[in-house]
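The values are calculated or read from the model by the stated rules, or taken from the named source; none is laboratory data. Since the model is a prediction, treat every value here as computed from it, not as a measurement. When we count neighbours, we look across all protein chains shown, and the Cβ atoms used for this are built from the backbone with ideal geometry, even at glycine. Accessible surface areas use protein heavy atoms only, side chains included; no ligands, DNA or RNA. Shrake-Rupley method; radii C 1.70, N 1.55, O 1.52, S 1.80 Å.
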Amino acid sequence: MRIAVLKEQAAGERRVAAVPETVRKFTSLGAGMVVEQGAGLAASHDDDAYREAGASVAPRAEALAGADAVLAVQGPDPDSLQGIGKGALLIAGLNPFGERERVDRYAQAGIEAMAMEFMPRITRAQSMDILSSQANLAGYKSVLDAAAEYGRVFPMMMTAAGTVSAARVFVMGVGVAGLQAIATARRLGAQVSATDVRAATKEQIKSLGAKPVFVDEGGIEGEGSGGYATEMSEEYKKAQAELVSSHIAKQDIVITTALIPGKAAPRLISDAQIATMKPGGVIVDLAVEQGGNVEGAVAGEIVEKHGVKIIGHRNVASRLAADASALFARNLYNFLSAFWDEEAKKPVFPDDDEIVCGVRVTRGGEVVSERLAT
Ligand code: NAD
C-alpha cells in the first residue's frame with residue numbers, strides 16, 4: 001500500500017499528519033510512504049528526516065500519483081487531489097459539518113473519506129482521537145496565551161517590596177481542553193474555578209484543586225451521548241448567565257472552551273458581563289472558530305473591550321505544531337494499524353465495526369455518514 005502524506009495548504013496550518021516516527025512504523029508494517037516536499041518543515045521535520053525514516057519525498061503530483069491512501073491534517077481541496085486512484089482513502093480532520101460541500105465532492109471523486117473527528121468516544125478509540133489530543137494542547141496553550149497578554153503575574157508572590165496576589169482564573173467548559181487549562185493555570189499558581197453543564201465534571205474540577213461553580217437546577221445533567229454536552233433549556237441558560245455574572249466580575253482571566261457537536265458554540269459571556277471585569281483582565285475564547293462563547297470575540301484577533309483583552313486565536317493546536325503533529329500522527333497510525341491486515345499489508349475495515357462506521361463519511365460515490373444525513 002502506498003501512503004501519501006500531504007503538505008497542508010490552509011493558511012496558518014503548521015501541523016503535519018505523519019512524523020518520522022510514524023513513517024518508520026508504517027514502513028515496518030510494509031507500507032510504502034511518500035511525503036510531499038516540505039510537508040513537515042513548519043513542525044520541525046525536514047525532508048531528510050523523512051527520508052532517513054524510510055519515506056520518499058516528492059512534489060505533490062508525484063506523491064499523489066497512484067496513492068492508495070492520503071493522510072492530511074485538514075481536508076484538502078478536492079481539486080488538489082488529482083491523480084489518486086478511485087477508491088483511495090483520505091484520512092484527515094475533514095471538518096465535515098463546516099465543509100459539507102467538500103465531503104460531497106470527495107464522494108463524487110470516488111474518494112473513500114474518513115473524518116477523524118467523528119471517532120466514537122469509546123475506550124478502544126481513545127488512542128485514535130484527534131479531538132482529544134489537539135484539545136489537550138489547545139487547553140494548555142490557552143493559559144500561556146492569557147499569561148502572555150496579562151500585565152500581572154499568576155502566582156502569589158511575597159517579595160521584599162510587598163505581596164502580589166495570585167491571579168483568579170475561571171475555566172468555562174471542562175472537557176479535555178478545559179481540564180488541561182485548569183491543570184496548567186494551577187501549575188502557574190493561579191486560583192482556579194471552573195464550570196460545565198455536565199455534573200460529572202464537578203469531581204474532576206475538585207481533583208485538580210480548583211473550585212466548581214455550578215448552576216443548581218434540580219439535578220439537570222447536560223450530558224448527551226458519548227460524553228458530549230446537550231443544548232440546555234432557556235431556564236438553565238438564564239440561571240447560568242446569572243451565576244456567571246456574579247462570578248466573572250471577580251475574575252482576572254477567563255478561558256472558555258464550551259462546544260456542542262454540530263451546533264454553534266453556546267454564548268456564555270455577554271458584552272455587559274465583560275464590562276464588569278477589572279481592566280487588564282484577559283479572556284481566551286477557544287470556541288471562537290465555532291461561533292464563539294464570548295460576545296465580541298473575533299477569530300484570529302486579540303480585541304480589547306472595556307479594558308479587557310479577548311483572545312481569539314485560530315487553530316490553537318497548530319501554535320504548538322511539533323507536539324500537535326506528533327500526537328495527531330500517532331492518532332492516525334493507531335487507527336490504521338488497528339485494522340492492519342499483515343498479509344494484505346493494508347488496513348481492512350469491517351463494515352460493522354463501530355469505529356469504521358463512525359469515521360467513514362464517503363464510500364462508493366455516496367456520502368454514507370449518518371451524522372451528515374439531512
Ligand atoms: P467538547 O469539546 O465537546 O466540549 C467542551 C466542554 O464544554 C464539555 O465539557 C461540555 O460539557 C462543555 N459545555 C458545553 N456547553 C456548555 C455550556 N453551555 N456551559 C458550560 N460548559 C458547556 O468536550 P470534550 O473535550 O471533547 O470532552 C467531553 C467529554 O468526553 C469528557 O468527559 C471527555 O473526557 C470525554 N471524552 C472521551 C473520549 C473517549 O472515551 N474516547 C474521547 C474524548 C472525550
Selection count, the range 285-307, where residues are more than 14 Å from the ligand (Cβ to nearest atom) and either among the hydrophobic types (A, V, I, L, M, F, W, C) or surrounded by 22 or more Cβ atoms within 10 Å (Cβ to Cβ) (or both): 5
Going by the structure shown, is residue 147 more than 14 Å from the chain's Cα centre (by Cα) and open to solvent by less than 50 Å² (accessible area, probe 1.4 Å)? yes
Selection from the range 155-187 of residues that are in contact with a Ser or Thr (Cβ under 6 Å, 6 or more places away or on another chain) and not in a loop (DSSP other than H, G, I, E, B): 170, 172, 176, 177, 178, 181
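Take the residues of the range 106-133 that are in a helix (DSSP H, G or I) and open to solvent by less than 20 Å² (accessible area, probe 1.4 Å): which is farthest from the ligand (Cβ to nearest atom)?
By that ranking, first place goes to 107.
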Among the residues of the range 269-284, write down those that are among the β-branched types (Val, Ile, Thr) and open to solvent by less than 10 Å² (accessible area, probe 1.4 Å). 269, 274, 282, 283, 284
Residue satisfying all of: in the range 189-203; more than 9 Å from the ligand (Cβ to nearest atom) and part of a helix (DSSP H, G or I); most open to solvent (accessible area, probe 1.4 Å) among these: 203
